[in-house]
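Have a look at the structure below before the remarks.
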Amino acid sequence: MDKTIFAREARTVEFVARHLWHFIRPLVKTHLSPRCRHCVLPDTASPLDETGLCKECREYSTTAPTGTAKHAQPHDSVTDPIDDILRSYTQSSKGPYDAILLFSGGKDSTYLLHRLVTDYPRLRILTMLVDNGFLSPFAVENANRVLRRFDVDHITVRPQPSFVKKAFRYALTNLDKQTGYSIVDQFDGHITFDTAKNLAARQDIPLVICGVSRVQLENVFGPIGFEFPPEQEQAPLTTHAGIPLREVFSEDEMQHWFDGSCFPEERVPRFLFPYYVWDPSEEFILTEVSRLGLIDSRQSSPLLTNNTLIPVIGMAEVARFGYSSFEVEFARMVREGKSERGYWLNLFEMLEYSTKTGHFINKTVTDTLAQLGLTKKDIGVG
């Protein structure tokens with residue numbers, strides 16, 4: 001991927017979203033769906049009432065606790081179950097590592113690494129970056145820069161490219177199998193999760209730690225809490241998402257997916273999601289990684305650090321369903337005061353306009369599709 005082109009396109013989208021879209025919106029409003037006046041959900045995802053509110057916002061306004069800080073710091077309590085687990089597993093492994101930390105170079109995994117190293121200095125961490133072939137060059141730069149600041153071991157794993165492309169191509173062309181959260185993002189997440197679990201099981205590393213937010217975790221898996229239950233931990237992706245993997249992948253390719261039945265029960269790692277408990281806001285994390293000098297604020301934008309599949313997923317879902325699963329996720333974060341409404345509203349309207357008209361489709365999107373052997377027509381764009 002050409003870093004210069006990627007940066008120019010990402011920053012252009014960012015600039016338009018923050019400064020120009022409100023001038024453009026009146027000119028293209030016939031292509032845009034009405035959206036909730038409180039969050040960002042379009043009426044294609046949740047019908048609006050006569051006051052312009054979606055069902056989710058109406059329900060939230062009657063159940064939300066009062067006095068909640070809009071940009072609260074992460075939960076910190078002597079009863080924190082994550083704290084208990086991390087301390088109990090510190091220096092517990094017979095091998096060199098107590099935990100694998102999934103590390104992408106984005107703000108969430110960077111802040112999580114900082115907190116783990118600061119609060120649990122004796123926890124022996126191996127950071128792992130799973131390169132799916134679609135990583136942002138800025139995420140990789142951020143990851144390398146951050147890792148130089150910490151005394152932790154690191155490994156980058158690159159799954160077989162033909163396997164990864166096959167997985168994403170299948171998911172993008174089988175959106176009818178989607179049941180709520182993005183099937184493509186599920187494949188992406190499980191490729192990363194299963195790569196880490198396979199390594200942990202083989203090397204007897206007892207913990208895998210991931211910086212997925214509470215909102216995203218619940219969107220994908222439901223209210224499972226801060227770790228995978230044992231029955232899910234040992235099950236292949238077929239059980240999690242109902243996807244017939246053996247009908248899609250060869251026996252050799254199936255080895256990329258984790259199957260707990262292939263390992264003794266004691267070798268299956270616990271998979272933890274600390275942010276489910278700590279629940280930091282997006283603004284808090286951005287402020288902290290910038291304050292600590294871990295990520296340059298000019299390179300912390302999600303448009304710069306997210307992998308190049310994200311806009312492709314969004315467009316495919318808007319074309320298929322009328323909205324993207326990312327809109328559901330960020331609508332909840334806006335609703336709970338953890339994300340900025342105006343910015344995400346503009347981005348999602350820009351996504352909708354581009355999907356419906358085929359205009360403003362940048363080279364990064366077309367190159368990503370080409371890498372997968374797909375075209376805009378294949379995902380219903382334009």
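Give me the pairs, please: first residue somewhere in the range 311-323 and under 15 Å from HIS359 (Cα atoms) and free of Cβ contacts under 8 Å to residues at least 40 places away in the same chain, second residue anywhere and crowded, with 18+ Cβ neighbours inside 10 Å and acidic (Asp, Glu), beta-carbon distance under 6 Å, and either six or more positions apart or on two chains.
Every condition considered, the pairs that remain are VAL318/GLU352.
If a residue has to be of a type outside the set (A, V, I, L, M), open to solvent by less than 70 Å² (accessible area, probe 1.4 Å) and in a helix (DSSP H, G or I) to count, how many in the range 345-366 make the cut?
10
Among the residues of the range 102-113, is any within 18 Å of LEU309 (Cα to Cα), open to solvent by 40 Å² or more (accessible area, probe 1.4 Å) and in contact with a Lys or Arg (Cβ under 9 Å, 6 or more places away or on another chain)?
no
Do we find a residue being among the charged types (D, E, K, R), surrounded by 16 or more Cβ atoms within 10 Å (Cβ to Cβ) and closer than 18 Å to GLU317 by Cβ anywhere in the range 23-37?
Looking for residues that are among the charged types (D, E, K, R), surrounded by 16 or more Cβ atoms within 10 Å (Cβ to Cβ) and closer than 18 Å to GLU317 by Cβ, one finds at least one in the range 23-37, hence yes.
With the condition being touching a residue at least 12 places away in the same chain (Cβ under 8 Å) and open to solvent by less than 10 Å² (accessible area, probe 1.4 Å), I'd like the strands (runs of 3 or more DSSP E) fully within the range 120-210 carrying at least 1 qualifying residues.
Result: 125-130, 207-209.
Of everything in the range 314-328, what is open to solvent by 10 Å² or more (accessible area, probe 1.4 Å) and not in a helix (DSSP H, G or I)? Give them in sequence order.
GLY322, TYR323
Test ASP49 against the stated conditions and say whether it is at pLDDT 95 or above and farther than 21 Å from TRP344 by Cβ. Working first, answer last.
On the way: at pLDDT 95 or above: yes; farther than 21 Å from TRP344 by Cβ: yes.
In short, yes.
Checking the condition modelled with pLDDT of 90 or more and open to solvent by less than 30 Å² (accessible area, probe 1.4 Å), which residue from ILE285, ILE243 passes?
None of the other options fit; the residue is ILE285.
Right, ILE183: within 15 Å of LEU102 (Cα to Cα) and within 20 Å of the chain's Cα centre (by Cα) or not? Steps first, answer last, please.
Working: within 15 Å of LEU102 (Cα to Cα): no; within 20 Å of the chain's Cα centre (by Cα): yes.
The answer is no for ILE183.
The values are calculated or read from the model by the stated rules, or taken from the named source; none is laboratory data. Predicted model only: the values in this text are computed from it and were never measured. Because the Cβ atoms are built from the backbone with ideal geometry, glycine has one as well, and the counts that use them run over all protein chains shown. The protein model used for the area step is the full one, side chains on, heavy atoms only, and it has no ligands, DNA or RNA in it. Shrake-Rupley method; radii C 1.70, N 1.55, O 1.52, S 1.80 Å.
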